[in-house]
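Coordinate-derived values only; no laboratory data. Quick caveat: nothing in here was measured; it's all calculated off a predicted structure. Reconstructed Cβ throughout: ideal geometry from the backbone, glycine too, with neighbour counts over all protein chains shown.
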Amino acid sequence: MKALVYAGSEFLTSDAIAQALMDYGAALAEGRNAATVEIPIVGDDGTITTAVFLVGPASQIVAREVDTDLSEPDSPDVVAHLEGLTRRLHPTARADTEAPTDMDWNWET
């Protein structure tokens, strides 16, 4: 589990969510953008709750490993959402290395 140190407080969340949040924050900072995201955290009483983070170029978030018996908030949907937001900021293109085989290259009619 990771503790996110943010605005003078610590928020416990899963390793995967912490990594996805850090990656998204870095991608936002590259474009000098900011956004708010809601992620699941472990509350003071050990229950799963949520927190909203403002991430962007001015965000000062640190993720550190925490040794605890508490259960990590398992949320693959949140991780997928954050990863999708990050991919949108880093679009990629794929180039085909081979010519299509089903093309009719005869352009004369």
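Brief remarks on what is shown
- Part-to-part distance (alpha-carbon centres) for region 11-26 and region 62-81, which is given in Å: 8
- Evaluated over the Cα positions of region 24-86, the convex hull gives a direction-averaged projected area, one quarter of its surface, of 4.7 nm².
- Structure-based [θ]222 nm, the chain - -39500 (n - 2.57) summed over DSSP H runs of at least 4, per residue, nearest 500: -9000 deg cm²/dmol
- The simple spin-label model puts a point 7 Å past each Cα toward its Cβ; for Ala51 and Asp15 those points are separated by 2.0 nm.
- Residue among Val42, Val78, Val66 with the largest mean-square fluctuation in a Gaussian network model of the chain, springs linking Cα atoms under 10 Å: Val66
- Here the extension length gained between Glu83 and Asn106 equals 3.9 nm, from 0.36 nm per residue of separation less the Cα-Cα distance.
- The stretch between Val62 and Glu30, if pulled fully straight at 0.36 nm per residue, gains 9.8 nm over its current Cα-Cα span.
- Surrounding net charge for Glu30, when Lys and Arg each add one and Asp and Glu each subtract one, Cβ distance under 15 Å: +2
- Ellipsoid semi-axes for the chain, based on the Cα gyration tensor and the rule √(5λ), read 41, 17, 11 Å when sorted largest first.
- For Leu12, nonlocal amide neighbours, meaning residues 5 or more places apart or on other chains whose placed amide H falls under 5 Å from its own, are Leu4, Val42.
- Sequence-distant residues sharing a close amide H with Thr50 (under 5 Å, placed H): Ile41
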